[in-house]
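The values are calculated or read from the model by the stated rules, or taken from the named source; none is laboratory data. All figures in this text were calculated on a predicted structure; none of them were measured in a lab. Counting neighbours? That spans all protein chains shown, and the Cβs are built from the backbone with ideal geometry, glycine included. Remember, those area values only see protein heavy atoms, side chains included, never the ligands or the DNA or RNA. Shrake-Rupley method; radii C 1.70, N 1.55, O 1.52, S 1.80 Å.
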Amino acid sequence: MSASASGASDLSGSSTGLKAGMKPRHLVMMSLGSAIGAGLFVGSGAGVQAAGPAVLVSYVVAGLIVIFVMRALGELVAADPNPGAFSHYAGKALGPAAAFAVGALWWVQLCLVVAAEATAAAQIAAAYIPSVPQWVIALAIMLVFTAINLTASGSFGEFEFWFSLIKVAFVGLFLLLGLAYLLGWTPADPPAQIFADGFMPTGVSGVAAGLLVVAFAFGGIEIVAVAAAETANPERSVSQAIKTIVWRILFLYVGSVAVIVLVLPWTDDRLAESPFVAVIETAGLPFAASLMAAVIVIALLSSMNANIYGASRMAFSMSRRSMLPRGLRTTNRRGVPVPAVLATSAFGFVAVGLNYFWAAEVLGVLLNIVGSTLIVTWVATLVSQIVLRRRAEAAGSALPLRMWGYPWLSYATLAGIAVIIGLGLTVESVRFQIVGTLLFVVALYVVGLVVTRRDRTAAV
């Protein structure tokens, strides 16, 4: 049986042409870099508008689910590091068609995220340099960061490490400035009344609507699974990264959103544009607001940078398993999958054209598409972990990292995701998004059946 037929070919490390240039600190900061992007700096405002202060409930619920999903993913990666990550594991657990569907969905999703983040960064930058059209800024961004992703993995990892470190530091600064305002230590008076319209002004439906926005916000942290294959000691590196990343993300996200809902009314129009800048402006710190806007642009670019990396490795892995065109499986002498990087960046360049025609609408459309696709990745990860853990225990295999409370916590996390989907189906705008995603996944699965059957036939 061919590699693609089994969905589980060996794609780790040097067997692929990829080079182990990443260090553990690169792995941690890349995941932070991917997750702290448009979802936090722009999407958090959309979540507050949808649910009011009760969006904090959405963040806590989604955050706990992400922690458990990442622990399950860590068990899989530590035992079998592979650039195909959840696609590879879905292939081992559920068959090659599932591997194709999960991998293709995640690749398409990240291509859309890259476009969203390039658009968001260009939108913010254009407000400060109005003489330059938004589409020109978006084009420059895509050219520069495509070039960065064509460097060797070690150089890329070092660049992303410092890029991510800057924005993590400024998220911490934002938390301190927001707290100082609430305590009355800034030039502006603190808010006279918090939660004027109550904690849950839009009811349970608002919290449900906010959950997919929040799901998008946490997206990107799973890149640690993809990047692990390019580290010198993937089993040890991914174990360290998984144990620390999720808690840092949860603290930074929930802390930041708590400051936003305590400072700004949920009806504030500025939430749709840049809630972080709006908080600092409200605190009476205009210079810091301008600085924060610059940092947000850096943060979006860092996230986009990491997402180009992650999506290109998924495309590379799927090509190696004969699920995407053969041309995407090649690497240059530095171990960079150049065709996969260019294919991943392509939609970002399409978004440049969309920015030219519909600059004001592009970002909102892209943000709405992505949230529900992440839920599919979470479900595939948990199901794969349950199946492969059962096989490992039957075979007596040792696991470097184990999922907590197996199997009950894995099943409970799946149940929590099912509740999110059920609540989402009660909200008209979210229902359309979920149903559309499910139909797309079914279509990808059918395509996967055709692609992998053709490859099996050729191998006979």
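Miscellaneous remarks
Matching residues to (1) touching a Leu at 6+ places or on another chain (Cβ under 9 Å); (2) at pLDDT below 95:
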site: Trp358; (1), (2): no, yes
site: Thr373; (1), (2): yes, yes
site: Thr377; (1), (2): yes, yes
site: Leu382; (1), (2): yes, no
site: Gly396; (1), (2): no, yes
site: Ile420; (1), (2): yes, yes
site: Leu423; (1), (2): yes, yes
site: Leu438; (1), (2): no, yes
site: Asp455; (1), (2): no, yes
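- Of all residues assigned to segment 132-151, at least one qualifies as being modelled with pLDDT of 80 or more, buried (at least 22 other Cβ atoms within 10 Å of the Cβ) and either at positive phi or not in a helix (DSSP H, G or I) (or both).
- All conditions but one from (1) open to solvent by 50 Å² or more (accessible area, probe 1.4 Å); (2) outside any loop (DSSP other than H, G, I, E, B) apply to Gln193; the one that does not is (2).
- Condition broken by Val365, with the remaining ones in (1) surrounded by fewer than 21 Cβ atoms within 10 Å (Cβ to Cβ); (2) under 30 Å from Val419 (Cβ atoms); (3) at pLDDT 90 or above satisfied: (3)
- Residue in segment 279-295 that is small (Gly, Ala, Ser) and under 22 Å from the mean Cα position of the chain (by Cα) present: yes
- The single condition from (1) at pLDDT below 85; (2) buried (at least 21 other Cβ atoms within 10 Å of the Cβ); (3) in contact with a Gly (Cβ under 9 Å, 6 or more places away or on another chain) that Ile296 fails is (3).
- Residue within segment 300-321 that is over 29 Å from Ala169 (Cα atoms), open to solvent by 40 Å² or more (accessible area, probe 1.4 Å) and part of a loop (DSSP other than H, G, I, E, B) present: no
- You will find that of Ala127, Ala115, Ala90, the residue that is modelled with pLDDT of 85 or more and either open to solvent by less than 10 Å² (accessible area, probe 1.4 Å) or not polar (S, T, N, Q) (or both) is Ala90 and no other.
Yes/no per residue for (1) surrounded by fewer than 16 Cβ atoms within 10 Å (Cβ to Cβ); (2) modelled with pLDDT of 90 or more; (3) within 30 Å of Met30 (Cα to Cα); (4) of a type in the set (Gly, Ala, Ser):
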site	(1), (2), (3), (4)
Phe161	no, no, yes, no
Leu177	no, yes, yes, no
Pro187	yes, no, no, no
Met200	no, no, no, no
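- Long-range neighbours under 7 Å by Cβ, at least six apart or interchain, first residue under 23 Å from Leu64 (Cα atoms) and without any contact (Cβ under 8 Å) to a residue 24 or more places away in the chain within segment 395-412, second surrounded by 13 or more Cβ atoms within 10 Å (Cβ to Cβ) and of a type in the set (D, E, K, R): Tyr406/Arg389
- Just one residue in the set Val254, Val261 is buried (at least 18 other Cβ atoms within 10 Å of the Cβ), touching a residue at least 60 places away in the same chain (Cβ under 8 Å) and assigned to a helix (DSSP H, G or I); that residue is Val261.
- Residue in segment 231-243 that is among the polar types (S, T, N, Q) and open to solvent by 40 Å² or more (accessible area, probe 1.4 Å) present: yes
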